[in-house]
Amino acid sequence: MLDQGMTYKHLVEQMNVNGIMPEEIECILVTHEHSDHIKGVGTAARKFKCPVISTRGTYDGMLHHIGKVEYTEIKRDVGFTVGDIDIQPLPTRHDAADPVCYRFSSEGRSAFIATDTGSINMEIKQAINDSDLVVLESNYDPQRLRNNPLYPEYLKIRIASEDRGHLSNYQCGDALMSVRPNQRIFLGHLSKKNNDPDLAKDTVSQTSGIRRAALDCLDCNLDDTRVLKI
Ligand SMILES: [Zn+2]
Ligand SMILES: [Zn+2]
């Protein structure tokens, strides 16, 4: 399981809908310590009796919120294995202690999930091009963010920051320019206030050249949170 930002009740409902049994969860990987990624980590880890895996900086940042769990430390850029899945953590650029994204591969198939990063480096671009399934952040439309009266200036600057922010629809489209038609692409971590699925798909399709119908969105809003079983 990758991150766990739902209540335990919501998670169990989603697992039931998607036919995922608790005993199938071998560990909970965490990308970084922000609440939308860790809110349910502690409860889920204790209920499923599985370890939490993250960088030390992420663990130190979330310990206070998740409570006592079995913990395994990993280091950015150092691959590891869970069951028969090889996992490669890659550093992201975000306002967190030691954030990473993860690429998964097993038996010739691969998936790459990257959200909460202000920019894309060569390693991430390579991982996008090398994976059968890609979930990439398409967080905000720059114009909507700029014109959003509810967001204070410092927050707008943080979100748009290349060092510690999120990917815009245009940055996401740019990063997907070299994908092939047989790769499955999901747009993820869409802002509810500064984006919407249609706008994200339009911009990413125009920027990347990917057919709009070939793009799908994950977690567009909390009512539609889906568990993606790979
Ligand atoms: Zn974050
Ligand atoms: Zn987030």
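The values are calculated or read from the model by the stated rules, or taken from the named source; none is laboratory data. Please read all numbers here as calculations on a predicted model, not as lab measurements. Using ideal geometry, Cβ is built from the backbone for each residue, glycine included, and neighbour counts are taken over all protein chains shown. Only protein heavy atoms, including side chains, enter the accessible area calculation; ligands, DNA and RNA are left aside. Shrake-Rupley method; radii C 1.70, N 1.55, O 1.52, S 1.80 Å.
A few comments on the model shown:
- The chain: DSSP helices with Cα axial extent of at least 15 Å and average Kyte-Doolittle hydropathy no lower than 1.0: none
- Apportionment of accessible area to carbon and sulfur, the chain, percent (1.4 Å): 50
- The residues of the stretch 108-230 have, on average, 50 Å² of accessible surface per residue, using a 1.4 Å probe with all protein chains present.
- Cleavage-rule hits, trypsin sites (Lys or Arg not before Pro), the stretch 126-220, DSSP coil, Cβ neighbours within 10 Å at most 13: Lys192, Lys193, Arg211
- Here the stretch 32-94 is described by how far its Cα atoms reach on the three principal axes: 29, 26, 17 Å, from widest to narrowest.
- Spacing of the two label points (7 Å from each Cα toward its C-beta) at Glu162 and Ile20, in nm: 3.5
- Peptides 109-120, 86-97, 68-79 ranked from most to least packed by the mean count of surrounding Cβ atoms within 10 Å: 109-120, 86-97, 68-79.
- The orientation-averaged projection of the convex hull spanning the C-alpha atoms of the chain amounts to 12.0 square nanometres.
- Cα-based reach from Lys156 at 17 Å (exclusive), listing lysines while leaving out same-chain residues under 8 positions away: Lys192, Lys193
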